[in-house]
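Working notes for the structure below.
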Amino acid sequence: MTKAIVLGAGMVGSVMADDLAREPGWTVAVADVGEAALARAVARAERSGGRLQAVRADLSDEEAVGRLVAPYDVVLGALPSTFGYRALRAVIGAGKPCCDISFFPEDALDLDALAREMGVTAVVDCGVAPGMSHLLAGYGASLLDRCDRIEILVGGLPRERRWPFEYKAGFSPYDVIEEYVRPSRIVEDGRVVVREALSEPELVDLPGIGTLESFNTDGLRSLVRTMTVPNMKEKTLRYPGHIELMRVFRETGLFSHEPVAVGPEGVRVRPIDVISALMFPKWTYGPGEEDLTVMRVTVDGEQGGAPTRLSWDLLDHYDRATSATSMSRTTGFPCAIVARMLARGEVPGPGVLPPERLAGVPGLVDRVLAEHEARGVRYATRREALPA
């Protein structure tokens, strides 16, 4: 019997827990500080015929996390960026193999020495992007004799556009704001350069969805350190008009965490708290509201002396049968799939492994794509010759 625990019972964590609860021979727990979130996660699993143990815990407490995970064989992390790194450190320190999707600003590779010391394999950034984006980028590069360029375009969007935002958050709204303020690292001509978030907007036409706008975000993450490809970038996709609105908010200071004095009594408030109270409820999906996830990973280079392009396209929609958002499915499934591989000893280690470092494991990418297809998530593959 394999015992697993999912840290975080939000939209993504609940889908991960539900997916694992269907696995024969597994007992699965889900932990969160919120009783309502735990109840929703348990109910989701019950509708699928699975069972979850709900554990109420403060997952921002690093020592508490270490104690919590001690009885489990494998740990999955689906926490907000504000304390995801500390929780991951606690899990590794407890000697537990883990698979994590938390989009924290810290560099997970800084925990590699600890993971090796503890004999732990920790797969990090294992969602859709980062996650499948990195796995496919690494796999594409490995198939070419020479890789010259990697481009990742990705976005989660409401299926129905509504003014004024024409957007809703498929994961933590705070982490969405992080994408709009965190400087973006890209690679140009073999050099890492830093660009402002929301910069260099471009219009992109994608099959099945039409015209979207793209902008720089800091989504390359570990690829900057692990891949020796001279040109790499990741850009986020939104409906046209969203960039300008977010830039206005940012330049006004509404995304700032620094308190400002307000009113005649000089009450100090953080602008991010004000806009969170006002905007985040409008960014939250209501029951039955449908979303979609769109991604294209493009890898250019040379194979057999001929310029070659490899690409993978994803267009996934809300699952009406399970009431699961597309973003929670496409983000949660990779983590749950790889966690099973971890538990079976099919992932090399020890150490901290971003997904691109799994691309060379024989058959792993094909198995991951097949597992996605079995869950109704399809990555369309294309190989084409480029002009010489």
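Points worth noting:
- Taking 10 °C and 1.306 mPa s as conditions, segment 2-124 diffuses translationally at an estimated 113 µm²/s according to Stokes-Einstein applied to its Kirkwood radius (Cα pairs).
- Of the GluC sites (Glu not before Pro) found in segment 174-278, the ones in coil according to DSSP and having at most 11 other Cβ atoms within 10 Å of their Cβ are Glu265.
- In this structure, the residue pairs whose Cα-Cα separation is over 28 Å, taken from Lys96/Lys233; Lys96/Lys168; Lys168/Lys233, are Lys96/Lys233; Lys96/Lys168.
- Segment 50-82 residues near the modelled Tyr174 label - backbone nitrogen below 12 Å, point 7 Å along Cα→Cβ: 59-61, 79-82
- Estimated from the Cβ-Cβ distance and a Förster radius of 25 angstrom, the FRET efficiency linking Glu373 and Leu143 is about 0.80.
- The spacing between segment 156-225 and segment 22-47, judged by their C-alpha centroids, is 31 Å.
- Structure-based [θ]222 nm, the chain - -39500 (n - 2.57) summed over DSSP H runs of at least 4, per residue, nearest 500: -9500 deg cm²/dmol
- Positive end of the dipole of the chain (Cβ unit charges, origin at the Cα centre): among Leu88, Ala385, Pro201, the Cα lying farthest that way belongs to Leu88.
- Note on Arg383 and Arg225: the model spin-label points, each 7 Å out from Cα along the C-beta direction, lie 3.3 nm apart.
- Annotation: the residues Ile272, Ile92, sorted from fewest to most other C-beta atoms within 10 Å of their own C-beta, follow the order Ile272, Ile92.
- Computed about its Cα centre, the charge dipole of the chain is approximately 660 debye, with only Lys, Arg, Asp and Glu carrying charge at their Cβ.
- Estimated FRET transfer efficiency when R0 is 22 angstrom, pair Glu202-Trp163 (beta carbons, to 0.05): 0.45
- Summarising the amide proton neighbourhood of Ile209: residues at separation of 5 or more, or on other chains, whose placed amide H is nearer than 5 Å comprise an empty set.
- For Pro271, net neighbour charge (Lys/Arg +1, Asp/Glu -1) across residues whose Cβ lies under 13 Å away: 0
- Table column - 3J(HN,Hα) (Hz), segment 127-144, Karplus curve with 6.51, -1.76, 1.60, x for Gly and Pro: x, 8, 7, x, x, 4, 4, 6, 4, 6, 4, x, 5, x, 4, 6, 7, 9
- Between amide H atoms placed 1.01 Å from N, distances below 5 Å from Asp61 occur with no residue 5 or more places distant or on a separate chain.
- The distance between label points at Val194 and Val260 comes to 2.4 nm (points 7 Å beyond Cα on the Cα→Cβ vector).
- Cα shape, the chain, gyration tensor, a/c 1.5 rule: rounded
- In this structure, Ala113 and Glu251 have a Cβ-Cβ separation that, at R0 = 45 Å, corresponds to a calculated FRET efficiency of about 0.65.
- From phi via Karplus (6.51, -1.76, 1.60), per-residue ³J(HN,Hα) for segment 266-276 in Hz, x at Gly/Pro: x, 4, 9, 9, 8, x, 4, 6, 5, 5, 5
- Each Lys or Arg adds one and each Asp or Glu takes one away; over the other residues whose Cβ falls under 15 Å from the Cβ of Ala41, this sums to +2.
Readers should treat all values here as calculations from the given coordinates under stated rules, not as data from a laboratory. In this text the structure is predicted, and so the values were computed from the model without any measurement. In this analysis, Cβ positions are derived from the backbone assuming ideal geometry, glycine residues included, and neighbour counts consider all displayed protein chains.
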